[in-house]
1. For the stretch 281-302, enumerate the residues that are more than 18 Å from the chain's Cα centre (by Cα) and either open to solvent by 50 Å² or more (accessible area, probe 1.4 Å) or under 14 Å from residue 219 (Cα atoms) (or both).
2. So is residue 212 under 16 Å from residue 268 (Cα atoms) and open to solvent by 10 Å² or more (accessible area, probe 1.4 Å) or not?
3. Considering 63, 21, which residue is at pLDDT 95 or above and either open to solvent by less than 70 Å² (accessible area, probe 1.4 Å) or part of a loop (DSSP other than H, G, I, E, B) (or both)?
4. Looking at residue 235, is it within 26 Å of residue 77 (Cα to Cα) and among the basic types (Lys, Arg)?
5. Can residue 203 be described as without any contact (Cβ under 8 Å) to a residue 24 or more places away in the chain and open to solvent by 50 Å² or more (accessible area, probe 1.4 Å)?
6. Do we find a residue being within 17 Å of the chain's Cα centre (by Cα), open to solvent by 10 Å² or more (accessible area, probe 1.4 Å) and under 23 Å from residue 160 (Cβ atoms) anywhere in the stretch 232-253?
7. Is it the case, given these coordinates, that residue 256 is touching a residue at least 12 places away in the same chain (Cβ under 8 Å) and in a strand (DSSP E or B)?
8. Restricting the search to the stretch 34-57, which residues are in a loop (DSSP other than H, G, I, E, B), out of contact with any His (no Cβ under 6 Å at 6 or more places or on another chain) and either open to solvent by 40 Å² or more (accessible area, probe 1.4 Å) or charged (D, E, K, R) (or both)?
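The values are calculated or read from the model by the stated rules, or taken from the named source; none is laboratory data. All values derive from a computational prediction rather than experimental measurement. Every residue, glycine among them, receives a Cβ derived from its backbone with ideal geometry; neighbour counts consider all protein chains shown. Note: accessible area is taken over every heavy atom of the protein model, side chains too, but ligands, DNA and RNA are not part of it. Shrake-Rupley method; radii C 1.70, N 1.55, O 1.52, S 1.80 Å.
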Amino acid sequence: VLYHRFFLSSLKPDTCYEYRLNGGVADTFRTFPSEPAAFSAVLLADAQIGSDMPFYERYRQILDDGIARTKEPRLILLLGDMVCEADDAAEFSTLVAAVGDRFVKYPLAPTPGNHERDDGDGFTAYRRRLSPPVSPVQEFDGLIYSFDIGAYRFFSVCADGSPLTEKACAHIESMLVSCNQKWKIVFLHCSPYSGKGTVPEYRDLLAPVFEHGGVDIVFSGHSHIYVRASVWEDRAVAPEDGILYLTMGTSGPKAFANDRGFWQDYVFGDRDTERYNSDGTADVTCATAQFSNDRVQINVQTLSGRTIDRIVLQK
């Protein structure tokens, strides 16, 4: 497979640019304002569609639903497991054919899941296909990185369920501690506090790093169920007293039952009627977030129109 990368420099903020690839139809994208007073995000976890072809159309529908519920400027956060097989170029091409025109219209920030790992136990295909941002430490390029929007700094943390090295934890902690932004938002695949598939090691390694680094919210996937938790020092606390951990359901055909944890404030998906539609298909989930200088509002809905959760944080 031949991959092409194009790096555009000297782009002006809040500007619409027209482009054309390989003689195709012209399209446009708009850059973010330099200091937006407010902005939005659409969050999707665990497409992992594989050969279940009808779900590509549903993935497009749930993405469009999230876009319709937000205002520009907006970005898209992908919380891992975009594909079933990282080495399957045809599967990734099918995903791009379904939603690629949406992905190129807005800033796209992915974080890798366990299904983004190659057969060689790396993330070569993931890095080549998505070309995520570089890191000051080369081995973490596209895996552990950060970016700023207004009063917010977003941190992608490579937590796909595999053991974390001391070097990775130290690098994450250094990034967080040295950040002076008002809000710190982490997005990763496997959360220290989730549902099925929670990684106990991450409770011991990542959670203290997040607390020391002053993280406000952690967005995650992997469990294919919606879980809200507020935790500090491995104890369930009130939202204003800890870090808010949100596991964002599923955007594909797989919906899992929950594994109970003491930290869970609220779970949507314990009952089959919550996880599945009447025809037996998973009721896919999309979360949206509205960010302003002193407030974050998060709304989580299913494609069928059910409101799962609404959360407001102020600071």
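1. 293, 294, 295
2. Considered against the rule, which asks whether it is under 16 Å from residue 268 (Cα atoms) and open to solvent by 10 Å² or more (accessible area, probe 1.4 Å), residue 212 comes out as no.
3. 63
4. no
5. no
6. No: zero hits.
7. So residue 256 does not fit the description; no.
8. Selection gives 34, 35, 37, 51, 52, 53.
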